[in-house]
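Structure first, commentary second.
The values are calculated or read from the model by the stated rules, or taken from the named source; none is laboratory data. As the structure is a prediction and not an experimental result, all values here were calculated from the model. With ideal geometry, Cβ positions are generated from the backbone for all residues, glycine too; neighbour counts draw on all protein chains shown.
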Amino acid sequence: MPPLSDLTIRPFQSASDYSLMHNIISLSDQADRVSEPFSLEDIIQWCSPSIRFDPAKDLLFALLQNPSCEETVVGFGRLSWYTGLGGIRLYNQVSYLHPNWRQPGIWRAMVRQNEQRLKEMAAGHQIDALRFFQGWATSSQVMWISVLESQGYQAVRHFNNMLYRLDEVPHRPMPAGLEIRPVQPEQFRPIWEAHREVVLSLFEVVAENWVDEKYESWQKNPSHTPELWQVAWDGDQVAGMVLNRIDQALNQQLDRKRGYTEHIFVWQAWRNRGLAGALLAKSLQVLKAQGMQEAELGVDTENESGAYGFYQHVGYQTFSTDTWFRKPMLTPAPPNHSVRLGL
């Protein structure tokens, strides 16, 4: 590693930057033992403009001199904001640094520059709400976690990613008076309404994703597999559901047979009757019938419903942990257009 003195930050320039991002993410994931691939098409979609993200302002690229004294992109940050549980405003950064250039000083400087841009965002939001910087990490991203902690971020929530091996699956009867029906297109709206009401009470909620205007995009989400959904009805009311899915392309890429038991919930009025266990058992049976060998879910370990303990009891086992980190944001600073950062 050559001696380093300054880090240059530049904004997004053109579509060619997507390939740079893809390369950095791929190498970073290899170094951090992150198995889920992120394609170039995923990156392009991830960087689509929205009311909460402007690629021209909210993609920041870190450049350093290589041994030939040429500047090379060594990392980047993607910045955005959203409204979380209780109406708090969260200013989020996702940051990647090329493994060949990983020095704590470089990454810390990137975090500070990212925060300057996030403060500019906050300065344009005239709201009466608590504001926090936020970062996220999975358990294998050891260096990124240490960088966040060195900059004053504290872990506020842990989510466990769990797997169930489908060698044997449970069989549990549906509670009396409830039934699972094949999902029809006209049922999408009540399913979405029920899903929204539950999600709005969760720690990980992104409130902007659940306004009425988002229903159409939810309905057209290409990852949905309604033929696999298990929705319990009490008459015309949704009592509970598991929105199962299978990503065949990802399974083929990773040479595995995995399905997902996601968005598991039971309404309060139908709890303590065995409905959650019955829906989950049926979901595991459906995934096994599709040729899957394992089922994955993610769970908030501090969820007051006791979901984490329930999944352990069913037979799911944790294989990784994701952590949310936050730091209180002080009064937004005026825009800072400096592009040189001392390390």
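Would you tally the residues in the stretch 221-235 being more than 30 Å from Q45 (Cβ to Cβ), surrounded by fewer than 23 Cβ atoms within 10 Å (Cβ to Cβ) and touching a residue at least 12 places away in the same chain (Cβ under 8 Å)? Show your work before the answer.
Here is the first cut: in the stretch 221-235, the ones more than 30 Å from Q45 (Cβ to Cβ) are 232-235.
Cutting the leftovers down to surrounded by fewer than 23 Cβ atoms within 10 Å (Cβ to Cβ) gives us 233-235.
Keeping just the survivors that are touching a residue at least 12 places away in the same chain (Cβ under 8 Å) gives 233-234.
Here the count works out to 2.
Do we find that F61 is in the same structural domain as L130 (by TED's automatic domain parsing) and assigned to a loop (DSSP other than H, G, I, E, B) in this structure? No; evaluated as a whole, the condition is false for this residue. Filtering the stretch 263-307 to residues that are without any contact (Cβ under 8 Å) to a residue 60 or more places away in the chain, surrounded by fewer than 21 Cβ atoms within 10 Å (Cβ to Cβ), farther than 18 Å from L202 by Cβ and small (G, A, S) leaves A269, A289, G291.
In the stretch 205-224 there is no residue matching the filter, namely being of a type in the set (S, T, Y), out of contact with any Lys or Arg (no Cβ under 7 Å at 6 or more places or on another chain) and under 18 Å from R271 (Cβ atoms).
Sub-7 Å Cβ pairs linking a first residue in the stretch 4-28 that is farther than 17 Å from M143 by Cβ to a second residue that is among the basic types (K, R) and modelled with pLDDT of 95 or more, at least 6 apart or interchain, are P11/K57, ordered by first then second residue.
Residue count for the stretch 227-254, restricted to those that are in a strand (DSSP E or B) and of a type in the set (S, T, N, Q): 2. Just one of (1) touching a helix residue (DSSP H, G or I) at 6+ places or on another chain (Cβ under 8 Å); (2) part of a strand (DSSP E or B); (3) more than 27 Å from V206 (Cβ to Cβ) fails for L27. It is (2). Looking only at the stretch 66-87, decide whether some residue is modelled with pLDDT of 95 or more and among the polar types (S, T, N, Q). Yes.
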